[in-house]
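Below you'll find the structure, written out as structure tokens, and then a few comments.
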Amino acid sequence: MPKQGIKRKQWDKEAMVRAVQAVKNKEMGYQKASQIFQVPKGTIEMYVKDARSVHELVSTSLGRKPALTCEMEKMLAEYCIQMEKKFYGLRRQDVKHMAFQLAIRNGLRHPFSQRTGSAGKKWLRGFLARHPELSVYTPQAISAARVKGFNAESVTQFFDIYKK
């Protein structure tokens, strides 16, 4: 079980490549390479034994692969902003359903719930963190007359009366 607060993969990528190459070329052992290049010995051992290239191993990211591509998430965020500009706010549940539909229509493998037909709370939390320009909340109903009446002329007229 990993300890709390331990950061993984915090070493310099180029130093790791040089350390693995030095061990593979039999210039030094694991311990000495670890000390000289300031990288974990266990990681050097693992990378030396792996058949893939060192550059590929070093550049892989940790954690789960994203459910939606960056482009799809960007499109979804832009759609949410457009809907807000048209005075039609989206609820959290609406965004989760749209993410599920995007994944289904594009044939993507996803961890979303088939039973509920929506993405989960964790996905939504991550999505909102990746797109801080969004604020998803329970929208208040606004009548069309109120939206139409809210223009520069009527606001100016209100404040003229208010000042008097």
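Brief remarks follow.
- Pick from the stretch 122-164, criterion touching a helix residue (DSSP H, G or I) at 6+ places or on another chain (Cβ under 8 Å) and in a helix (DSSP H, G or I), ranking: surrounded by the fewest Cβ atoms within 10 Å (Cβ to Cβ): Arg130
- Residue in the stretch 70-91 that is within 30 Å of Asp12 (Cα to Cα), out of contact with any Phe, Trp or Tyr (no Cβ under 6 Å at 6 or more places or on another chain) and among the polar types (S, T, N, Q) present: no
- Which listed residue is assigned to a helix (DSSP H, G or I), under 30 Å from Ala144 (Cα atoms) and free of Cβ contacts under 8 Å to residues at least 24 places away in the same chain, from Met46, Met83: Met83
- Among the residues of the stretch 49-65, the ones that are assigned to a helix (DSSP H, G or I) and among the polar types (S, T, N, Q) come to 1 in all.
- Matching option when the condition is among the aliphatic types (A, V, I, L, M) and more than 28 Å from the chain's Cα centre (by Cα), among Val39, Val58, Val23, Val95: Val23
- Test for Pro111: is it surrounded by 10 or more Cβ atoms within 10 Å (Cβ to Cβ) and in a loop (DSSP other than H, G, I, E, B): yes
- Verdict on Lys32 being part of a loop (DSSP other than H, G, I, E, B) and not hydrophobic (A, V, I, L, M, F, W, C): no
- Pairs where the first residue, in the stretch 107-135, is at pLDDT 90 or above and the second is assigned to a loop (DSSP other than H, G, I, E, B) and hydroxyl-bearing (Ser, Thr, Tyr), C-beta under 9 Å, 6+ apart: Leu128/Ser135
The values are calculated or read from the model by the stated rules, or taken from the named source; none is laboratory data. Model, not experiment: these values are computed from the prediction. Ideal geometry is used to build each Cβ from the backbone, glycine not excepted, and the neighbour counts take in all protein chains shown.
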